[in-house]
Amino acid sequence: MPNQPNSRPNTSAEDQQPGSDEIIIDLIGAGSTVLDLGCGEGELLERLIRDKQIAGRGVDIEEAKILACVKRGISVFQGNLDEGLKDYATNSYDYVILNQTLQVTHNPVLVLREMMRVGKKGIVSFPNFGFLYNRLQLLFAGRMPVNRKFPFTWYNTPNIHFFTRKDFLNTCIELGFQIEQEIPTRNGKTVARLFAGSMANEVCYVLTD
Amino acid sequence: MPEKNTEQDTARGSSVGVVQPQDIQLADEDNPLILDNGRSFAPINVRYETYGRLNKERSNAVLILHAFSGDAHAAGYHSPEDQKPGWWDPMIGPGRAFDTTKYFIISSNVLGGCQGTTGPASVSPETGKPYGLSFPVITIADMVRLQERLIDALGIDRLLAVAGGSMGGMQALEWAVGYPERVRSAMVLSSTARLNAQGIAFNAVGRNAITTDCRWAGGDYYGEETPSTGLAIARMIGHITYLSDESMRMKFGRRLQQRATYGYDFSDQFEVESYLQHQGDKFVDRFDANSYLYLSKAMDYFDMSESYGGLTNAFSRTGAKFLVISYSSDWLYPTYQSKEMVYAMMKSGLDVTFIELASPYGHDSFLLDAGRQTELISSFLEKAYAESTE
């Protein structure tokens, strides 16, 4: 099903686990304040509230996802991340999360800057377009990769910005963000950093200013 | 208040059935209501209705707050023959958003109204005649002050929720901020923390239509012919602001009422014209022109930012949970106004959910669009109720 831009992609059933949610839950300190950008149906926030007693709030653009959040009892704001977070005070959250969201935004740099302004720390997780299988698919099949992390065809993908781990690392340098932690994974299993660029199909970062 | 649109009545559950309005005196000489304008006012009668049962912990009470032309009759029917249910009937009843098998629902007519609660058409004990313009100018906060007495009289310490759309949303905001210890949660629909210039402008035109009707007679028309022409025009203007370009196009288009082709004379009436005429005519039978003046003025004065030294300060006073809903086609209370208050709530650290529902019905959407509203409100209330019993 096509997604609206700016809302976390609907994940297919086989992609439910293991996922970035578990990694993020481990990263977040108990009792912190959390803003989840592109929170989808609020699953991550619900688990964070239950397991880490956080005070959390979500932002998403799709009506159906807001309804789902309200059913879960999650506070959520219907908004467009591409408009920035101008009415959110600087450093007003311990963590701001972009979980599988950055690649669906129109203006990722604005979104990243706003994330780092509003949060003391930022957590970004995204599918690594530079994953070896993606490279091989493009190289040998000559077609855009379609697989577990990219289950869409080119015309219905919500992912409008494709980037690799290395691209993201460069962007962090350009924007002056410090990488506090990097967790490269392949289908939920940690991958050695040395091979992360090609062996990880997903990467998660903890960033500070 | 629009006619109930049965096409949109997708609400689940059933009606509360036949209900009985109640009257209660909540202010007298010894215990007058102190108004924002400094005046002490008494006596005051309040007309109200309740649906469902108060539990023994008295923790399941929900106060419903009506909009400009609404009344205490929010749900059910007044007799088995009654054809017209209360104004928010699709939302209130067993299994509905405000589920009367779980919650005790209270709805009262506002101060200054004309549907049972003391207003300008009520008789002044001093003169033995209707107040007319000697009725004090009231505010949204005064309405809420009076409602607090009703809640006291019903033996309720803390409301599980307050909920209302438009002017009802203003009251819900005032409740949460003015009486933080008495409100657990608030639902604010199609509303604003301060009426904008456009809203004031339309209210002013409505008031002008009334006061320039020669039968208005400085507000002293009781017992004589009423300023029905002015009041009907005011209502017609109001109705235009409650609809949207799209809803008018869908409902009326350019169709003529009586003829198939133009007759090129002034007896040609477009459907939209006769609709407005009908709404205006119906309104004058049930609404007092002076109440129109007083209630619209109360909305004009409403500005929480002014009353509490900024919106963020206002919301810092309360710990209530909020659900704020706006509608995409509502140009009278546009989404940006809802967002403005939500941002202030977030800055104050409040637990708030905001959603703009896509709907073609303009400002009236909150009265018509029961389906998604039901999902939102019932989930929100359930969570608030569960938290209240933790």
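The values are calculated or read from the model by the stated rules, or taken from the named source; none is laboratory data. Because the structure is a prediction, the values reported are computed rather than measured. Here the Cβ is made from the backbone with ideal geometry for all residues, glycine too, and neighbour counts use every protein chain on show. Remember, those area values only see protein heavy atoms, side chains included, never the ligands or the DNA or RNA. Shrake-Rupley method; radii C 1.70, N 1.55, O 1.52, S 1.80 Å.
Within segment B:185-196, being assigned to a loop (DSSP other than H, G, I, E, B) and surrounded by fewer than 23 Cβ atoms within 10 Å (Cβ to Cβ) holds for one residue alone: B:N196. A count restricted to segment B:128-173 and to residues that are touching a Ser or Thr at 6+ places or on another chain (Cβ under 8 Å) and surrounded by fewer than 16 Cβ atoms within 10 Å (Cβ to Cβ) stands at 2. With respect to being surrounded by fewer than 23 Cβ atoms within 10 Å (Cβ to Cβ), farther than 24 Å from A:D26 by Cβ and within 13 Å of the chain's Cα centre (by Cα), A:N159 fits the description. Output the residues belonging to segment A:66-105 that are within 11 Å of chain B (Cβ to nearest Cβ), touching an Asp or Glu at 6+ places or on another chain (Cβ under 9 Å) and touching a residue at least 60 places away in the same chain (Cβ under 8 Å). Those that are within 11 Å of chain B (Cβ to nearest Cβ), touching an Asp or Glu at 6+ places or on another chain (Cβ under 9 Å) and touching a residue at least 60 places away in the same chain (Cβ under 8 Å): none in segment A:66-105.
Looking across segment B:227-270 at every residue that is of a type in the set (A, V, I, L, M) and not in a helix (DSSP H, G or I), the one that is surrounded by the fewest Cβ atoms within 10 Å (Cβ to Cβ) is identified as B:A260. Considering only residues that are among the hydrophobic types (A, V, I, L, M, F, W, C) and open to solvent by less than 40 Å² (accessible area, probe 1.4 Å), look in segment B:210-226 and name the one that is nearest to B:A172 (Cα to Cα). Checked segment B:210-226; the qualifying residue nearest to B:A172 (Cα to Cα) is B:I210.
Based on what the data block shows, is A:I179 in contact with a helix residue (DSSP H, G or I) (Cβ under 8 Å, 6 or more places away or on another chain) and either open to solvent by 30 Å² or more (accessible area, probe 1.4 Å) or among the charged types (D, E, K, R) (or both)? So A:I179 passes the test. Just one of the listed residues (B:G165, B:G230, B:G132) is touching a residue at least 12 places away in the same chain (Cβ under 8 Å) and at positive phi, and it is B:G132. The criterion of being within 14 Å of chain B (Cβ to nearest Cβ), surrounded by fewer than 23 Cβ atoms within 10 Å (Cβ to Cβ) and touching a helix residue (DSSP H, G or I) at 6+ places or on another chain (Cβ under 9 Å) does not hold for A:G130.
One residue is enough: does segment B:197-209 have a residue meeting the conditions β-branched (V, I, T) and open to solvent by less than 40 Å² (accessible area, probe 1.4 Å)? No: zero hits. Residues in segment B:313-328: is at least one of a type in the set (V, I, T) and open to solvent by 50 Å² or more (accessible area, probe 1.4 Å)? There is no residue in segment B:313-328 that is of a type in the set (V, I, T) and open to solvent by 50 Å² or more (accessible area, probe 1.4 Å). Count of segment B:324-349 residues, restricted to those that are in a helix (DSSP H, G or I) and either more than 9 Å from every other protein chain (Cβ to nearest Cβ) or charged (D, E, K, R) (or both), is 9. Residue selection: B:Y308 satisfies the criterion of being modelled with pLDDT of 95 or more and aromatic (F, W, Y). Among the residues of segment B:356-377, those that are open to solvent by 10 Å² or more (accessible area, probe 1.4 Å), within 11 Å of another protein chain (Cβ to nearest Cβ) and either closer than 18 Å to A:G73 by Cα or assigned to a helix (DSSP H, G or I) (or both) comprise B:E356, B:G371, B:R372, B:E375.
When you look at B:Y294, is it part of a helix (DSSP H, G or I) and farther than 30 Å from B:D89 by Cβ, yes or no? In short, no. Mind listing just one residue for me: the one in segment A:88-107 that is under 17 Å from the mean Cα position of the chain (by Cα) and more than 20 Å from A:D21 (Cβ to Cβ) and, of those, most open to solvent (accessible area, probe 1.4 Å)? It comes out as A:H106. When the residues of segment A:46-65 are filtered to those that are closer than 23 Å to A:L102 by Cβ, assigned to a helix (DSSP H, G or I) and touching a helix residue (DSSP H, G or I) at 6+ places or on another chain (Cβ under 8 Å), the one that is nearest to the other protein chains (Cβ to nearest Cβ) is A:E63.
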